[in-house]
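Written below as structure tokens is the structure these notes are about.
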Amino acid sequence: MRHARRLTVYQSPVTSHQSPVPSHLSIAALFVFLILLSCPAYPHNSLSGCKPGTICYVINGTITITTSETGVSGPAANPDEITIPLKRAGRLLMMEARIDNETGNFIFDTGSSKLVLNSTYFRKYVSMESGERGGITGGVASVRQTKVSRIQISGFTCTNVLADMADLGHIENRRGVKILGLLGLSLLKNMEIIIDVRHNELHLYRLDRKGERISKNSMEFISDISQKVQMFQDILFVSPTIGGKILSFCLDTGAESNVISSASPKKVMNTVSITRRSGLVGSGRPSTDALYGTLNDFALGGQQISLMQTIITNLDNMSAAFGLSVDGMLGFDFFSKGQICINLVKLEMKISFNKSEGN
């Protein structure tokens, strides 16, 4: 089975003594993880193709081939509804979780289908090879997998969870915060989730087989728009309209920016206002240009969503890894527009916009 790679982007001027961030990250399901981080400006840059004094985006990515089994038991014994506080590290959404005897911060990542542990803090766990990881330049390395007896997030619990092991040190170093891992979407199967970035909260509701909330006392979600979502290997996709064209974007709370493919149709690209240009560097390959801009004609559910910032870059390799055409991804810039409600049984997304800010 083929699974998608993780795309990591750093806004990172590099001195002549620094080297590009290595491609460590190995994730065992279809998802994209975009991290946009800032560092102080340096006078020189040693990355191939980057001019001294310029800012370069460094892209590192991996493709993981493994089984699709998530190994999650639960959440049948969990409350019918629960609110989990979210923490912020820049534009990353995190929550505190306890795995066995280890407690700390985990990135909430709907672009991941499963749990990923930072190998730095779980070295003593028994692990086994579960597949291969292919780098953006074609390198291959083995992926290791382990099993977690119990994970607790506030009052939410899952048991006997299979997890990938990955070195997340480069994320910690850039954000200056200890990160134990990534919490993927498979932990929240058969639930309704409400992501509220403004109030830094994640609301979870257990659903019956028809996709209705089991709790009859919970407040109804009043939405401005509703949009069907598609699920492919536990990754969610929506179909926005840009420039009259229907496209396919994945939903990724682990992404600190929206991304659109530079290969999008001309009618689509004509709607994008370019604000700046930067270097785009991949591990082991020459520098290319990356553009940063605004999506001026982005619509979901028949309604325009304004001021959508985006990175414009080539997503051909990512589409090849998915095995389907991917036109872009929706990250923090999208989720910060309001409360996002996703029903994982009905496969439906609703949005209630932040009224004081408009769309």
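Remarks
- Largest to smallest accessible area among ILE305, ILE222 [probe 1.4 Å]: ILE222, ILE305
- Vicinal HN-Hα couplings computed from phi for the stretch 332-337 (Karplus, 6.51 cos²θ - 1.76 cosθ + 1.60; Hz; Gly/Pro x): 4, 4, 7, 5, 7, 6
- Table column - 3J(HN,Hα) (Hz), the stretch 82-99, Karplus curve with 6.51, -1.76, 1.60, x for Gly and Pro: 7, 10, 10, x, 9, 9, 10, 10, x, 9, 8, 9, 10, 9, 8, 9, 10, 10
- Between amide H atoms placed 1.01 Å from N, distances below 5 Å from ILE225 occur with ILE351, all of them 5 or more places distant or on a separate chain.
- Accessible area in the full protein assembly, largest first, 1.4 Å probe, for LEU187, LEU307: LEU307, LEU187
- Each distinct pair of alpha carbons in the stretch 304-359 adds a 1/r term; the inverse of their mean, the Kirkwood radius, is 13.5 Å.
- Inter-probe distance in nm under a simple model that places probes 7 Å from Cα toward Cβ, at ARG209 and GLN309: 4.7 nm
- FRET efficiency estimate (nearest 0.05) - Cβ-Cβ, ALA320 to MET231, R0 25 angstrom: 0.80
- Residue-normalised accessible area of the stretch 202-275, given per residue in Å² at a 1.4 Å probe: 49 Å²
- For the stretch 146-157, putting each phi into the Karplus relation 6.51 cos²θ - 1.76 cosθ + 1.60 with θ = phi - 60° gives couplings of 9, 10, 9, 5, 7, 10, 10, 10, 6, x, 9, 9 Hz, in residue order, rounded to whole numbers and with x for Gly and Pro.
- By accessible area with a 1.4 Å probe, ligands and nucleic acids excluded, highest first: order of PHE122, PHE232: PHE232, PHE122
- Nitroxide proxy distance, nm - points 7 Å out along Cα→Cβ at LEU347 and THR241: 2.1 nm
The values are calculated or read from the model by the stated rules, or taken from the named source; none is laboratory data. From a predicted model like this one, the values you see are computed outputs, not experimental measurements. Cβ: placed from backbone, ideal geometry, glycine included. Neighbour counts: every protein chain shown. All accessible areas refer to the heavy atoms of the entire protein, side chains included, with ligands and DNA or RNA removed. Shrake-Rupley method; radii C 1.70, N 1.55, O 1.52, S 1.80 Å.
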